[in-house]
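I have placed the structure first, in the form of structure tokens, so that the comments after it can refer back to it.
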Amino acid sequence: MPPATIGVDVGGTKILGVALDAGAEVVGEWRVATPAGGPAILAAVFTVVERLRAGVGEVTGLGVGVPGLVDRRGTLRFAPNLPGVVELPVGPALAETTGLAVQVDNDATCALWAEHRVGAADDSDNALLVTLGTGIGGGILADGRLVRGASGFAGEIGHLVVEAQGRMCGCGRRGCWERYASGSALSIAGREAARAGRAPRLVALAGGDADTVAGAHVTAAAAEGDAEAAALVEGFAAWVAVGLASLVHVLDVDRCVIGGGLVEAGEVLFAPVRRAFRDRLVAPDHRPDVQVVPARLGERAGAIGAALLAREPAPAPGSRPQAGALPGNPGDGAATER
């Protein structure tokens with residue numbers, strides 16, 4: 001079997017790994033539940049890697065996507081949606097245990113790289129990925145290169161402040177975009193409506209328990225034509241558009257790729273998001289169209305992107321990309337080698 005690269009995506013509820021062949025085809029997949037605590041997460045990632053290695057033979061590199069602030073040495077400095085996980089040396093620890101060259105990046109940055117290479121942004125060099133899940137993750141592509149910033153922390157778009165004295169966020173601050181426009185936010189809005197007696201259809205879809213209403217119940221009811229659910233989706237779409245428009249004004253991308261479980265709602269969600277987004281853009285009639293599209297690779301995107309990044313050269317931590325580096329080379333990801 002030809003050599004493969006492995007990519008692992010660490011999420012709040014699951015750790016998903018894939019092995020890719022030279023043609024970027026998935027030739028192996030394994031998943032486990034995400035345990036609590038940094039050491040347990042590292043052990044679980046190691047288990048996923050070893051299961052994949054057993055099925056594919058030679059492995060030339062490992063990429064890992066993790067949620068939160070990842071520095072250029074492959075350390076997860078802070079992860080709002082992984083309680084208690086701080087200063088976790090993901091790259092160095094996995095290089096030691098696996099014997100592989102390891103690249104570590106933010107999970108949404110990995111997902112964007114996958115969508116750029118083989119997904120919904122494969123014909124765009126200036127794109128934004130927004131993942132609507134427990135929180136909001138983001139990845140930025142500018143002129144064909146991933147944007148990581150001075151410390152490697154770029155793309156934490158979920159913590160863009162949209163309401164100065166707003167709701168408390170898991171990061172410890174108030175008013176973050178993800179408290180209004182994440183999948184969790186839509187679930188909370190649905191439960192509030194259900195408990196108030198305004199959304200009997202949501203309660204029915206949740207099996208009769210208002211406390212178990214989730215975002216998927218809201219979008220499903222909206223697709224059926226339920227008026228309360230449709231109003232909830234419209235309000236949610238307006239908050240999504242607040243952040244999207246602000247980011248487009250700063251980044252001037254031509255494509256916004258939306259990922260996360262909510263994309264399964266299709267046009268029930270995307271139609272109101274696109275309307276609200278256009279309404280918030282400066283001079284929409286005098287600028288090229290900015291496409292808002294669903295991600296194409298689903299839950300595998302982060303793992304596929306991590307595996308693809310494992311094939312890319314990365315300079316020593318702290319170094320700067322060389323002048324004239326080829327467009328498309330991510331260049332400055334965190335790398336740890338044995």
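The values are calculated or read from the model by the stated rules, or taken from the named source; none is laboratory data. This one's a predicted model, so the numbers in the text were calculated from it and none came from an experiment. Neighbour counts are summed over all protein chains in view; Cβ atoms, including those assigned to glycine, are modelled from backbone coordinates with ideal geometry.
In a helix (DSSP H, G or I) and within 19 Å of the chain's Cα centre (by Cα): is that true of residue 111 in this structure? The answer is yes for residue 111. Scanning the stretch 177-205 for residues that are more than 23 Å from residue 270 (Cβ to Cβ) and buried (at least 20 other Cβ atoms within 10 Å of the Cβ) gives 191, 194, 203.
Number of residues in the stretch 3-54 that are more than 18 Å from the chain's Cα centre (by Cα), of a type in the set (Gly, Ala, Ser) and closer than 18 Å to residue 95 by Cα equals 7. Within the stretch 169-201, the set of residues being modelled with pLDDT of 95 or more and not in a helix (DSSP H, G or I) comprises 174, 175, 176, 177, 182, 196, 197, 198, 199. What residue, of 253, 233, 242, is surrounded by 17 or more Cβ atoms within 10 Å (Cβ to Cβ), touching a strand residue (DSSP E or B) at 6+ places or on another chain (Cβ under 8 Å) and in the same structural domain as residue 162 (by TED's automatic domain parsing)? None of the other options fit; the residue is 253.
Within the stretch 91-103, the only residue that satisfies the criterion of being closer than 19 Å to residue 154 by Cα and either free of Cβ contacts under 8 Å to residues at least 60 places away in the same chain or in contact with a Ser or Thr (Cβ under 7 Å, 6 or more places away or on another chain) (or both) is 91. For residue 45, the requirement of being touching a strand residue (DSSP E or B) at 6+ places or on another chain (Cβ under 7 Å), surrounded by 16 or more Cβ atoms within 10 Å (Cβ to Cβ) and in a strand (DSSP E or B) is not met. Only one of the listed residues (154, 164, 185, 150) is closer than 17 Å to residue 237 by Cβ and among the small types (Gly, Ala, Ser). That residue is 185. In the stretch 199-228, the residues that are in the same structural domain as residue 189 (by TED's automatic domain parsing) and in contact (Cβ under 8 Å) with a residue 24 or more places away in the chain reach residues that are buried (at least 24 other Cβ atoms within 10 Å of the Cβ) and outside any helix (DSSP H, G or I) with C-beta atoms within less than 7 angstrom, at least six apart or across chains, in these pairs: 202/213; 228/199.
Results for (1) surrounded by fewer than 24 Cβ atoms within 10 Å (Cβ to Cβ); (2) in contact (Cβ under 8 Å) with a residue 40 or more places away in the chain, shown as yes or no for each residue.
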| site | (1), (2) |
| --- | --- |
| 62 | no, yes |
| 67 | no, yes |
| 70 | no, yes |
| 83 | yes, yes |
| 89 | yes, no |
| 105 | no, yes |
| 121 | no, yes |
| 126 | yes, yes |
| 130 | no, yes |
